[in-house]
1. When only residues in region 71-88 that are assigned to a helix (DSSP H, G or I) and in contact with a helix residue (DSSP H, G or I) (Cβ under 6 Å, 6 or more places away or on another chain) count, which is surrounded by the most Cβ atoms within 10 Å (Cβ to Cβ)?
2. Scan region 133-140 and give yes if some residue there is within 30 Å of I239 (Cβ to Cβ) and at pLDDT 85 or above, otherwise no.
3. Quick check on G53: is it within 17 Å of G23 (Cβ to Cβ), modelled with pLDDT under 80 and of a type in the set (G, A, S)?
4. Every residue in region 248-268 that is surrounded by fewer than 21 Cβ atoms within 10 Å (Cβ to Cβ) and under 14 Å from the mean Cα position of the chain (by Cα), please.
5. Against the definition (assigned to a helix (DSSP H, G or I), of a type in the set (A, V, I, L, M) and modelled with pLDDT of 60 or more), how does A171 come out, yes or no?
6. Kindly list, by first and then second residue, each pair from a residue in region 290-302 that is assigned to a strand (DSSP E or B) to a residue that is surrounded by 12 or more Cβ atoms within 10 Å (Cβ to Cβ), limited to pairs with Cβ atoms under 6 Å and residues at least 6 apart or on different chains.
7. Those residues that are in a loop (DSSP other than H, G, I, E, B) and either at pLDDT 80 or above or crowded, with 17+ Cβ neighbours inside 10 Å (or both), I need them from region 269-281; list them, please.
8. Between A306, A246, A228, which is touching a helix residue (DSSP H, G or I) at 6+ places or on another chain (Cβ under 6 Å), in contact (Cβ under 8 Å) with a residue 24 or more places away in the chain and in the same structural domain as V186 (by TED's automatic domain parsing)?
Amino acid sequence: MRESVKQHNEADALAAPVSTVHGLLFRAKNSTEARPFDSIPDLGRTIARLPEGSYAGKESVVTSFLRQVFNGVRPCPNDYLRAIIAATRLRVEERSITADVDTLIVSIEKGIPALKKRRERRLREKHRSRSAKPFGPADVRFIVNPPLSVYSFASSGCKRLSLMIAESLVADANDGTVATVYKICVPAETDAVDLWRLIFDELTGKTADPGGSEVLDASGAVSRIQTADSKGHLQVYLIPYYLCLASAMIENPDSRDDCSGVTLHLDKGGQTKLSEIRERNIGYWRQMYYELENGVFGVYRRLEFANYLNLIVR
């Protein structure tokens, strides 16, 4: 009686819908449900000892390949699929699992394409550029080789970098607090002059579509930029060209938990597209920021706004 109940439970377990191939083939840890194999190495050993199989003596190679297949890293070739099916039939017989083997095999055959699709989704996700999230409040924005065109945000419209900085300077002056500290690295002094000139134009309302609510005269705009420069709220650095092969904006680079960033790409329409930097890649930019803050290698030179005033005010 007990034996018949056990066989009945095994049959129900294998016949029940299971969401993945893992659930069909492998017994879960601490589970008493019947499955053909205990683990991926167990499946690899079984395939390696299949009679008249082509994988005899290749247990480690087979197991290594199967790990990649079941992790979705590689697709499952037809010869491996046939080997998995043959090993499953063998193990079901050895373990005397009472179940409809043909139904089990059909389920496995349907589950293998799901592994392929999962792999394809991973590859698409790996290479897909993520649209940047709208920028929120940030203590520090570290920017490397920024294009000075219009930035296209995911859900907050378009805005120029110079306007972002000008608005921050206005906020600083109005309430006495630092809205955001900007630390900007450029490969040429002319790029720094262009940036300062654009900020000056934003503050004096000379842009075609001024976005700020306050318009200053020339002396007021110069004073505003000079104050930000002297207090360290707007820092511009000259760095070697080889560090400017890509453009990026990093928010809160000194905080591991709050750090985020985007890469900047200039499109044909003159707008700068933003793509989110993955967490695993943002460490490169945080390292650059660390070198800037600590003067590593001495390759960063601070540019003073006052030294270029005659080129900015026209």
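The values are calculated or read from the model by the stated rules, or taken from the named source; none is laboratory data. Treat the numbers as computed from the prediction; the structure is a model and nothing was measured. Cβ atoms come from the backbone with ideal geometry, glycine included; neighbour counts cover every protein chain shown.
1. First, pick out the residues of region 71-88 that are assigned to a helix (DSSP H, G or I): 78-88.
Pick out the ones that are also in contact with a helix residue (DSSP H, G or I) (Cβ under 6 Å, 6 or more places away or on another chain) and you get 81, 83, 85, 87.
Values: L81: 16, A83: 23, I85: 16, A87: 25.
The qualifying residue surrounded by the most Cβ atoms within 10 Å (Cβ to Cβ) is A87.
2. Pass one, region 133-140, residues within 30 Å of I239 (Cβ to Cβ): 133-140.
Checking which are at pLDDT 85 or above leaves us with 139-140.
Yes, region 133-140 contains a residue that is within 30 Å of I239 (Cβ to Cβ) and at pLDDT 85 or above.
3. Values: within 17 Å of G23 (Cβ to Cβ): no; modelled with pLDDT under 80: yes; of a type in the set (G, A, S): yes.
When the stated conditions are applied, G53 does not pass them.
4. If the condition is that a residue be surrounded by fewer than 21 Cβ atoms within 10 Å (Cβ to Cβ) and under 14 Å from the mean Cα position of the chain (by Cα), then S260, T263 are the ones that fit.
5. yes
6. The qualifying pairs are R301/L238; R302/Y237.
7. Filtering region 269-281 down to residues in a loop (DSSP other than H, G, I, E, B) leaves 269-270, 277-281.
The answer is I277, R278, N281.
8. Values: A306 fails: touching a helix residue (DSSP H, G or I) at 6+ places or on another chain (Cβ under 6 Å); A246 fails: touching a helix residue (DSSP H, G or I) at 6+ places or on another chain (Cβ under 6 Å).
Going through A306, A246, A228 in turn, the sole match is A228.
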